[in-house]
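First up is the structure itself, then whatever we jot down about it.
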Amino acid sequence: MVSLKRYELPPLPYNYDALEPIISAETLRYHHDKHHLGYVNGANAALDKLEKYLNGQLTDIDVRAVSRDFEFNYGGHILHTLYWLNMAPKGKGGGTPGGAIGDAINKFFGSFDKFKKLFGDAAKNVEGVGWAILAYDPVTGDLRILQVEKHNNVVTTNLIPLLAVDVFEHAYYIDYRNDRAKYVDSWWDLVNWDDVEARYQKALNAPKLIL
């Protein structure tokens, strides 16, 4: 019998009110406990259908629908998990990154201010809803800024996400209404650069794509 591993909602690495006043406890409860859980449940529901088909409990499945549901919900789960870990309470997060990631940002973008402007504009101008992501390209060794609409394609093939900001409206509407730009500008004070640094160090040692 085929048995596919299911996903679980990870706990937040801080209390619900830890990111106030930038992100309220109310927003964090809805975002984590409702929206993120919904993506976990959606990914698991798609796996349930696939597992039943593989074990002969279903004679047929809509592959397109199951694949789409899994990709969307799994992508949401992965990106939200990264998003929580990429933030720290005000006073512990924010500022200018040091270490290897700080050096890399200066190298590939000219300065932190230029990077912050490019990344912030990417987040503010994602069409519809989605994410802005800083990713490492293990083929070239460069850093890339990505706009990801929805969750279906988590990142471009082989790129390793280091930093992500959620610009779906559920991430900020309670606190900022439709002012996405104000939310993004405020979010910088929460960025956990220690987490980003640790991810960058691991990415540097990641297997390279064989072309």
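The values are calculated or read from the model by the stated rules, or taken from the named source; none is laboratory data. Not measured: the values here are computed from a predicted model. Virtual Cβ from ideal backbone geometry, glycine too; neighbours counted across all protein chains shown. Ligands, DNA and RNA are stripped out before the accessible areas are found, and what is left, the full protein with its side chains, is counted by its heavy atoms. Shrake-Rupley method; radii C 1.70, N 1.55, O 1.52, S 1.80 Å.
If you go through the range 34-60 and pick out every residue that is within 16 Å of the chain's Cα centre (by Cα) and open to solvent by 40 Å² or more (accessible area, probe 1.4 Å), you end up with 2. Pairs are defined by a Cβ separation below 8 Å, a sequence spacing of at least 6 or placement on different chains, a first member in the range 144-167 that is over 11 Å from Phe119 (Cβ atoms) and open to solvent by 20 Å² or more (accessible area, probe 1.4 Å), and a second member that is among the β-branched types (Val, Ile, Thr) and modelled with pLDDT of 90 or more; the pairs so defined are Glu149/Val126; Val154/Ile78; Val154/Val148; Val155/Ile133; Val155/Val148; Pro161/Ile133. The set of residues in the range 176-201 that are open to solvent by 50 Å² or more (accessible area, probe 1.4 Å) and touching a residue at least 24 places away in the same chain (Cβ under 8 Å) comprises Asp185, Asp189, Asp194, Arg199, Gln201. Look through the range 90-114, keep the residues that are free of Cβ contacts under 8 Å to residues at least 24 places away in the same chain and among the charged types (D, E, K, R), and return whichever of them is nearest to Glu197 (Cα to Cα). By that ranking, first place goes to Asp103. Scanning the range 115-142 for residues that are open to solvent by less than 10 Å² (accessible area, probe 1.4 Å), of a type in the set (Val, Ile, Thr) and in contact (Cβ under 8 Å) with a residue 60 or more places away in the chain yields no hits at all.
Gly91 fulfils the conditions (1) open to solvent by 60 Å² or more (accessible area, probe 1.4 Å); (2) at positive phi; (3) touching a helix residue (DSSP H, G or I) at 6+ places or on another chain (Cβ under 7 Å) except for a single criterion, (3).
Scoring Phe168 on the criteria (1) under 17 Å from Tyr83 (Cα atoms); (2) of a type in the set (Phe, Trp, Tyr); (3) in contact with a Pro (Cβ under 8 Å, 6 or more places away or on another chain) leaves a single failure, condition (3). Of the residues that sit in the range 1-25 and are over 30 Å from Asn55 (Cβ atoms) and in contact with an Asp or Glu (Cβ under 8 Å, 6 or more places away or on another chain), which one is surrounded by the fewest Cβ atoms within 10 Å (Cβ to Cβ)? So, considering only residues that are over 30 Å from Asn55 (Cβ atoms) and in contact with an Asp or Glu (Cβ under 8 Å, 6 or more places away or on another chain), the one surrounded by the fewest Cβ atoms within 10 Å (Cβ to Cβ) is Ala25.
Residue under question is Gly76, and the condition is that it be buried (at least 18 other Cβ atoms within 10 Å of the Cβ) and either in contact (Cβ under 8 Å) with a residue 60 or more places away in the chain or basic (Lys, Arg) (or both); does it hold? In short, yes.
Remark: Leu9 matches the filter, which requires a residue to be of a type outside the set (Asp, Glu) and either more than 17 Å from Val165 (Cα to Cα) or in contact with a helix residue (DSSP H, G or I) (Cβ under 8 Å, 6 or more places away or on another chain) (or both). Annotation: of all residues in the range 1-50 being part of a helix (DSSP H, G or I) and hydroxyl-bearing (Ser, Thr, Tyr), the one that is farthest from His151 (Cα to Cα) is Thr27.
With the requirement that a residue be under 17 Å from Pro11 (Cβ atoms) and either touching a Ser or Thr at 6+ places or on another chain (Cβ under 9 Å) or touching a residue at least 60 places away in the same chain (Cβ under 8 Å) (or both), what does the range 35-73 give you? Lay out the reasoning, then the answer.
Taking the range 35-73 first, the residues under 17 Å from Pro11 (Cβ atoms) are 35-41.
Once the filter is applied, which keeps residues that are under 17 Å from Pro11 (Cβ atoms) and either touching a Ser or Thr at 6+ places or on another chain (Cβ under 9 Å) or touching a residue at least 60 places away in the same chain (Cβ under 8 Å) (or both), the range 35-73 yields His35, His36, Tyr39.
Residues in the range 102-114 that are crowded, with 21+ Cβ neighbours inside 10 Å and within 17 Å of Asp189 (Cα to Cα): 0 in all.
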